[in-house]
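Laboratory data are not the source of any read-out in this text; all were calculated from the coordinates shown. Just so it is clear, the model here is predicted, and its values are computed rather than measured. When we count neighbours, we look across all protein chains shown, and the Cβ atoms used for this are built from the backbone with ideal geometry, even at glycine.
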Amino acid sequence: PGTGLGILRNDKRESDSFAALPPEVRAKATEKRLLVLTKANSRATVHRPAYLDYIGVKKFDGKGEVVGERRFLGLFTHVAYSESIRNVPVLKRKLDEVLERAEFTADSYDGQDMIEILESYPRDELFQVSVDDLMPIALGVLRLRERRQLKLFLRRDLYGRFMSCMVYLPRDRYTTKIRLRIQEILRRAFDGVSVDYSANVTESMLARLHVVVRGERGR
């Protein structure tokens, strides 16, 4: 208690939110995983009204048990989004592991396509997703290239607060009306209370819609 600074300075003597979490989510908090990259439940009140980036670095005792966490909340700067993933260590490691698991070399056609897919992947999502979750999505998108198909890839937030939905569809089918229909289908499917989206439409045959469906707070 009392160690919170900045936007965390009003910390309570005792947290009442941890006890309210489902058991499987509470177990995540003590999981022996050094680095946690995700999104907070609150939006920033300065700079831009985006959900705060959350960086957690676990603290371990002499027996290797998790005893705390150093937590940083804020917003990544534009450099985190514009820099090549090959120049951001945590993202470069993911890229290297994806290429290795797929058995692609960086200078092969498939390897170059994979690099392009990850370079243009929603950066917030790339920071958060594990390589285990990223592999089937990256390979699925690679197989989709230049095919007129509709495809949905799902990822559940580490703490169960939101669903990340990546929708690929033929570019000429993408309209505002279609986007709103897709958002409503996903909101109802996950019993969501709010929806955020970003869209990417380029010269590619496929358009990409990233929809984040958030559930009721505390559920």
Looking at region 128-219 from every direction and averaging, what is the projected area of its Cα convex hull in nm²? 6.0 nm²
note: region 44-163, Cα-Cα separations exceeding 25 Å make up a percent value of 36 percent
What net charge is computed for the residues neighbouring Phe153, neighbours being all others with C-beta under 14 Å from the C-beta of Phe153, Lys and Arg scored +1, Asp and Glu -1? +2
Averaging sequence separations of C-alpha pairs under 8 Å and six or more residues apart, then dividing by the length of region 98-219, give the relative contact order as a whole percent. 23 percent
Output the relative contact order of region 135-193, whole-number percent, from Cα pairs under 8 angstrom with separation of 6+ residues. 24 percent
Starting from region 38-95, pick out the GluC sites (Glu not before Pro) whose DSSP state is loop and whose Cβ has at most 11 other Cβ atoms within 10 Å. Glu65
Based on alpha-carbon centroids, what's the gap between region 159-213 and region 83-120 in Å, whole number please? 24 Å
In the structure displayed, which of Lys39/Lys151; Lys32/Lys151; Lys151/Lys177; Lys28/Lys177; Lys28/Lys151; Lys59/Lys92 lie more than 28 Å apart, Cα to Cα? Lys32/Lys151; Lys28/Lys177; Lys28/Lys151
Evaluate the distance, in nm, between pseudo-label points positioned 7 Å from the Cα of Lys151 and of Asp172 along their respective Cα→Cβ axes. 2.1 nm
Once Lys and Arg are counted +1 and Asp and Glu -1 for all other residues with Cβ under 11 Å from that of Pro136, the total becomes +1
What does the charge count near Tyr51 come to, summing +1 for each Lys or Arg and -1 for each Asp or Glu among other residues with Cβ under 13 Å from its Cβ? +1
Contour minus Cα-Cα span, Leu75 to Ala44, at 0.36 nm per residue, comes to 10.4 nm
Binned at 5 Å starting from 0, the alpha-carbon pair-distance distribution of the chain in whole percents comes out as 1, 6, 12, 16, 19, 17, 13, 9, 5, 2, 1, 0
Given contacts defined as C-alpha pairs under 8 Å and at least six residues apart, what's the relative contact order of region 164-219, whole-number percent? 47 percent
Got a sec to turn the phi values of region 149-155 into Karplus ³J(HN,Hα) couplings, 6.51 cos²θ - 1.76 cosθ + 1.60 with θ = phi - 60°, whole Hz, x for Gly and Pro? 9, 9, 9, 10, 10, 10, 9
